[in-house]
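For reference, the structure discussed in these notes is given below.
No lab work stands behind these numbers, since they all come straight from the coordinates. Computed from a prediction, not measured in an experiment: that's the story for all the values here. Note that we place each Cβ from the backbone using ideal geometry, even for glycine, and neighbour counts take in every protein chain shown.
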Amino acid sequence: MGKSRRSLPEELLLLALDPTTGTTAQPQSLDLGLAGAQLVELALAGRIAPDGDRIAVVMARPTGDPTLDSALELLRRRGSPVRAVHWIGGPRLGLRQTYLSHLERCGMVHAVAGQMCGVLPTTRYQATQSAISREIRSRLDSAIRTGVPPDPRTAALAALAHAVGLGKHLYPGNEGRSSRSRLRDLIRHDPMGGLVAHAVMDVQNGVAAQPRRAPATGGRPQPAVPMQPHAQSRHGGMAHVAAH
């Protein structure tokens, strides 16, 4: 896969960056969203496909993106389709920092070193190409405003933005309530994006969804049994990275 187009994890991360503070909104759920965005990007590249509520590798050929190819190889090694909720709920140590560092190398963000409480070192990230961030945001705004079914990439981005809780960051307050509702509704326009977004929300809610087919509509499945404590601890143990 060429690098002429930004990957979905990169776009989700740019959406989450606060231009004022240089931190990322919803940092804990964002880590889950980035893992989910990798799945959608691999699906768009034809490397994986939904199999009910599971993810199956259909082509193991590398994409050319090292971070995506690492995820693809891990999926391949499983040997059989893996449930999306289990994949997303697994440890993803340093994933957010990996993408922030990549965006910095590409010149899309600039790292600013600082201190918290005058002692703890911190790193904040400022977007350096505001036109790119505006273009990503305008795609969401257009889909929300017009009601026209968006392309699969934009639909998946909207689904993931809703799943990780970016709606209140992008469309705050009472005046943004209808936009947040429409953002949630866009989840139905991409089956893979919908499957992954529901898995992200299931992990956050501490439940493992019953086996089901990839959602083609906006309807939520009925929640099932709680995850075992060790599965919850894998989510809770995700790495804290500099930008938060």
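Considering the Cα trace of the range 1-98, what is its radius of gyration and what is Dmax, both in angstroms?
13.7, 45
Could you size up the charge dipole of the range 41-163 around its Cα centre, putting +1 on the beta carbon of Lys and Arg and -1 on that of Asp and Glu, and report it in debye to the nearest 20?
140 debye
What's the center-to-center distance, using Cα atoms, between the range 119-151 and the range 84-105 in Å?
Answer, in whole Å: 18.
Based on Cβ point charges of +1 for Lys and Arg and -1 for Asp and Glu, what charge dipole magnitude is obtained for the range 1-86 about its Cα centre, in debye rounded to the nearest 20? Let's see the in-between values first.
On the way: 10 positive and 10 negative charges, 77 e Å.
About 380 debye.
Report the per residue volume, in Å³, of the convex hull enclosing the C-alpha atoms of the range 32-190.
About 145 Å³ per residue, rounded to a whole number.
What length, rounded to one decimal in nm, is gained on full extension from Ala111 through to Arg77, with 0.36 nm per residue of separation minus their alpha-carbon distance?
The span from Ala111 to Arg77 would gain 8.7 nm if fully extended.
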